[in-house]
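The values are calculated or read from the model by the stated rules, or taken from the named source; none is laboratory data. From a predicted model like this one, the values you see are computed outputs, not experimental measurements. So basically every Cβ, Gly included, is an ideal-geometry build from the backbone, and we count neighbours across all protein chains shown. When the accessible area is computed, the model is the full protein with side chains, heavy atoms only, and any ligands, DNA or RNA have been set aside. Shrake-Rupley method; radii C 1.70, N 1.55, O 1.52, S 1.80 Å.
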Amino acid sequence: MSALLETISRHWGYDSFRPLQQDAMQAALDRRDSLVVMPTGGGKSLCYQVPAVMRGEVTLVVSPLISLMKDQVDGLLACGVVAAQMNSSLTSLEQRGVEKDLMEGKIRLLFASPERLAMPSFRELLKRAGVKTFAIDEAHCISHWGHDFRPEYRQLRSLRQHFPDASVHAYTATATQQVRRDIAEQLALRDPLVLVGDFDRPNLTYRVLPRVDEQKQILDVVARHKDEAGIIYCTRRKDVDSLSEQLRKRGIDAVAYHAGMSQEERRAAQDAFTAEKCDLVVATVAFGMGIDRSNVRYILHTAMPKSIEHYQQETGRAGRDSLEAECVLLYSGADVVLWKSMIDRGGEEIDPDPRYREAAVRHLNDIDRYCAGTVCRHRALVEYFGQRYESPNCNACDICLGETEDVPEALVVAQKIVSCVYRVGQAFGVGHVISVLRGEETEKVRDRGHDRLSTYGLLKGHGRNEVRDWIYQLVAQGFLAQTDDQYPVLRLTNEARGVMRGEAAIRLRQPIVTKKGAGKAPKKQFGESWEGVDRSLFDVLRTWRREEAQERGVPPYVIFSDRTLREIARVRPTTLVAMREVYGVGDAKLEEFGRKVLSLLAGVD
Ligand code: ADP
Ligand code: ZN
C-alpha cells in the first residue's frame, strides 16, 4: 500500500482514493503550486490534509467562515489529527495556547480567515513557525467573475510576496475557465498543477418539474423523504418565512434561514441542522456555505436559481456521502422575469455593482435554457462546465427516467395560444391570456369584450398552471416574447408566424400523470446502498450517534457518516478487527467508539 493510502486508512478509515486525490496530494507533497477543481463532495479537504499529516508539518488553511472552522477542526481531531483554528472566537488565553502548539510543531492543520492572514502580527507568527504550505479553500471567492466574490479574499493577493518560498494550493468546487484563470493569476500561482475533476454527480437524481401546484409538489417531496435531511431553497426572504410557517402548521419541523434574520437566529438554525436536531431548513441562498452535513438526502428549489453555478453548488450539498439523493427544481418561465426585475431593482439578494448586470443576465438565460430544456440533466450540467458526458442515459433524471411526455398535438396547442396573444392585441400579460384561453368569466375578460373573441375558451378544461407552463415553454423556445416592463406583456416573435402557418417544429413537454399513489416513489438508482441494511438498526445507531455528538459538542457526522452507519447495520461486526474494516473507521475512531458500537449491536436483536 502506498504511504498516502496508509495514512488515509489509519486516520480516516477509507481504502482508496477518490478521482484526482492522489495527484493533488502528490503536488502538495512536492510543494508544487496547484489548483484543484472538484465538485462538492469530491473530497477536496483530504487533498491537503493527508500531505500535512504525512509530512509532519503545519499547513495553513484559509477558510471563508469562522463557523466552518470549528467543525473542520473537530472532524480532524476525531480522526486523530492535530488541528486548530486561529480567530476572534478564541479567548486570548486560547490563542496563546495555539501559538505555543504551533511553535512546538504539534499542529498539522491551522485554519484562519483571509482577514487574519492580512494581519502583520499573524504573518510574523507563521514565518517564525516556518509555515511553507498554504491551502486556499473556496478559492473562487477571490474572483470577480465567480458567483460568490468575497472582497476579503482579495487580500490574499499579497500572500506570494510575504511567503515567496511557500507553495500555494487552491481548491474550489465551481470554476469556469475564466474563474480558473483568475484564481491562478490573483494568487500568483507558479506553474501550478491544474486538476479539474469530473463534474457529474452520479448519485444525484435531478428533476425539473413545471410548477403547477406548488404546495402539493413541495409536500410530496418532503413526504417521500420523511426522517431524512433536506434543504428547500426559495428566492425571497418572505417566501422562506411563509413556507416554513406553513410547513410547521402541518406538523413538519422546518426552520427558516435567511440574511434578514439576526445573527443568533441564523446560528441557531444552522446549529440545529448540523446537530441533526432538525432535518429540514427552508432558506434563501444565504444558507449553505459551511454546512458540512453529509447526509442531506434532498434539495428542493421552489423556483429557478439565478445561475447554473448556484444550482450546482446548492444541489452539491446533497449526497456528499456519495449515497443517493434527489434534487427537485420547480420551474416556471415566470422565474426569469422575477429575477430580471430583482436585478434591475437591485433587490436584497443582488450584487449592486452594475458591472455584474450583464454577467447576471447571461447566467439567468443559461439556467433558464437548462430548465426548459429536454436533454438529460446530467449531460446538460456537465457540458455547461465544459466537459463531455458519455452515457446516453443517466437513469437519474426526469428526462432519462421518462417522467415527462410530449403534449399531444403540440402544434395545435401552440397555434391556439399564439393566436390568442394576437387577438388580445399583444397588450396583455400571461394571466389574462390564460383566462381568455380557458374561457373564464372574469370581470376583466367581460369588460374588454374578450369573451367574444374567436380564441375565447379554446383551451377550456385545462388547468391554469398547465396553460401557463405551455406559454412559458413557447417563450423559452422563442415563439413568444415577454416585455421587460413592470407588468410584462406577451408579444409574438418573428418565429410565431411559422407556428400560424403550421411550419414550426414545436415540442411541449408535460409530466406524466401517474395513477394515484402508483409509481410515485422515485426510482432509486443507488438502491443497493440500502441493500441488506437493517433499517431499524440504522435508526438505533443514528440515535446513539446524535447523543454521542451532543455530549461532545460536535456535529454527528464527526462521529461517523451515514455511510459508515449503514455499513455497520449491514455487516453487524462482532469483533474490533471486523469493525476496523468498515468504511470510515480509522484507528482513532476504532479506539474511541469501537467497543461502544459492538456492545450496542450485541444488545439489539
Ligand atoms: P469537498 O470539500 O470536496 O466538498 P469533502 O472533502 O468534504 O468534500 O469530502 C466529502 C466526503 O467524502 C467526506 O465525508 C470525506 O471524508 C469523504 N472522502 C474524502 N475522500 C475520500 C476517499 N478517498 N474515500 C472515501 N471517502 C472520502
Ligand atoms: Zn439523464
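Of the helices (runs of 4 or more DSSP H) lying entirely inside segment 193-289, the ones with 1 or more residues being in contact with a Pro (Cβ under 8 Å, 6 or more places away or on another chain) and crowded, with 16+ Cβ neighbours inside 10 Å are found at 263-274. Can you list residue pairs whose Cβ atoms sit under 7 Å apart, with the first residue in segment 30-44 being open to solvent by less than 20 Å² (accessible area, probe 1.4 Å) and the second being more than 9 Å from ligand 1 (Cβ to nearest atom) and of a type in the set (S, T, N, Q)? Count only pairs 6 or more apart in sequence or on different chains. What qualifies is D33/S167; V37/T172.
So that you can scan it fast, the table gives a plain yes or no per residue for (1) open to solvent by less than 30 Å² (accessible area, probe 1.4 Å); (2) over 25 Å from the mean Cα position of the chain (by Cα):
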| site | (1), (2) |
| --- | --- |
| E358 | no, no |
| H363 | no, no |
| D368 | yes, no |
| F385 | yes, no |
| E405 | no, yes |
| V413 | yes, yes |
| V424 | yes, yes |
| L437 | yes, yes |
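With respect to A188, is the statement that it is open to solvent by 10 Å² or more (accessible area, probe 1.4 Å), hydrophobic (A, V, I, L, M, F, W, C) and in a helix (DSSP H, G or I) true? Spelling it out, it is not the case that A188 is open to solvent by 10 Å² or more (accessible area, probe 1.4 Å), hydrophobic (A, V, I, L, M, F, W, C) and in a helix (DSSP H, G or I). Taken over segment 371-383, the residue count meeting the criterion of being near ligand 2 (Cβ under 10 Å from one of its atoms), outside any loop (DSSP other than H, G, I, E, B) and over 19 Å from the mean Cα position of the chain (by Cα) is 0. Looking across V413, V421, one residue alone is outside the structural domain of Q178 (by TED's automatic domain parsing), away from ligand 1 (no atom under 16 Å from the Cβ), more than 30 Å from D344 (Cβ to Cβ) and in a helix (DSSP H, G or I). It is V413. Number of residues in segment 13-23 that are touching a residue at least 24 places away in the same chain (Cβ under 8 Å) and near ligand 1 (Cβ under 6 Å from one of its atoms) equals 3.
Quick check: is even one residue across segment 157-168 closer than 17 Å to D30 by Cβ, of a type in the set (A, V, I, L, M), in the same structural domain as P39 (by TED's automatic domain parsing) and more than 16 Å from ligand 1 (Cβ to nearest atom)? Yes, segment 157-168 contains at least one residue that is closer than 17 Å to D30 by Cβ, of a type in the set (A, V, I, L, M), in the same structural domain as P39 (by TED's automatic domain parsing) and more than 16 Å from ligand 1 (Cβ to nearest atom). Summed over segment 295-342, residues that are open to solvent by less than 20 Å² (accessible area, probe 1.4 Å) and not in a helix (DSSP H, G or I) total 27.
For segment 181-237, the candidate set comprises residues that are out of contact with any helix residue (DSSP H, G or I) (no Cβ under 8 Å at 6 or more places or on another chain) and of a type in the set (G, A, S); within that set, the residue that is farthest from ligand 2 (Cβ to nearest atom) is A184. Look at (1) touching a helix residue (DSSP H, G or I) at 6+ places or on another chain (Cβ under 6 Å); (2) of a type outside the set (D, E); (3) farther than 21 Å from D292 by Cβ and you find that R595 fails only one, number (1). If only residues of segment 370-381 that are open to solvent by 40 Å² or more (accessible area, probe 1.4 Å) and of a type outside the set (A, V, I, L, M) are counted, the one that is modelled with the highest pLDDT is R379.
Would you check if there is a residue in segment 546-553 being within 16 Å of ligand 1 (Cβ to nearest atom), modelled with pLDDT of 85 or more and in a loop (DSSP other than H, G, I, E, B)?
no
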